[in-house]
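Here's the structure, in structure tokens; my notes come after.
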Amino acid sequence: MSTRLVTFTLDGRLYGVDVDLVQEVLRGQPQTRIPLAPASVSGLINLRGQVLSAMELRARLGLPDRDADTEAMLVVVRVDGEAIALRVDTIGAVIDVDDAQFELPPDTLTGPARDFLLGAYKLEGRLLLALDVARTVAA
């Protein structure tokens, strides 16, 4: 059985989310910061009249901040009927992966990465980290 994933990068690593959860991908949009919000909530975005939360995935996954001169891209996902924008470094392709390529995260993996990853797909020359979107946006 195969799964279709929308891919993106964060800090040089390749991630993927189930294509069925993705509403659209966008270039960075103007956002309004929310006072006292956690660091992983980067603000609110007005997307064609719909106000939605933007989450900085680097902060959520414990990765270093993006360079100030690098524009974030947005992957808008739908979780429990609500749209949420995930700020990522670059958008990749939509790819099909096979269950035979999948491995669960190793027991030695700890921290946020362990909590938010479903596992990894073994691709030619690199790993694709499958993100658990529901757990990532709920935490």
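The values are calculated or read from the model by the stated rules, or taken from the named source; none is laboratory data. Model, not experiment: these values are computed from the prediction. When we count neighbours, we look across all protein chains shown, and the Cβ atoms used for this are built from the backbone with ideal geometry, even at glycine. The accessibility values were calculated without ligands, DNA or RNA, using every heavy atom of the protein model including side chains. Shrake-Rupley method; radii C 1.70, N 1.55, O 1.52, S 1.80 Å.
All conditions in (1) in contact with a strand residue (DSSP E or B) (Cβ under 7 Å, 6 or more places away or on another chain); (2) in a strand (DSSP E or B); (3) surrounded by 12 or more Cβ atoms within 10 Å (Cβ to Cβ) hold for residue 46, with the sole exception of (1).
Looking only at residues in the range 90-139 that are of a type outside the set (A, V, I, L, M, F, W, C) and touching a Phe, Trp or Tyr at 6+ places or on another chain (Cβ under 7 Å), the one that is nearest to residue 27 (Cα to Cα) is 90.
Is it true that residue 89 is acidic (Asp, Glu), within 29 Å of residue 46 (Cα to Cα) and at pLDDT 95 or above?
Values: acidic (Asp, Glu): yes; within 29 Å of residue 46 (Cα to Cα): yes; at pLDDT 95 or above: yes.
When the stated conditions are applied, residue 89 passes them.
In the range 36-55, the residues that are free of Cβ contacts under 8 Å to residues at least 60 places away in the same chain and polar (S, T, N, Q) reach residues that are open to solvent by 70 Å² or more (accessible area, probe 1.4 Å) and assigned to a strand (DSSP E or B) with C-beta atoms within less than 9 angstrom, at least six apart or across chains, in these pairs: 46/32; 53/82. In the range 94-115, the residues that are surrounded by 12 or more Cβ atoms within 10 Å (Cβ to Cβ) reach residues that are polar (S, T, N, Q) with C-beta atoms within less than 7 angstrom, at least six apart or across chains, in these pairs: 95/7; 97/2; 97/3.
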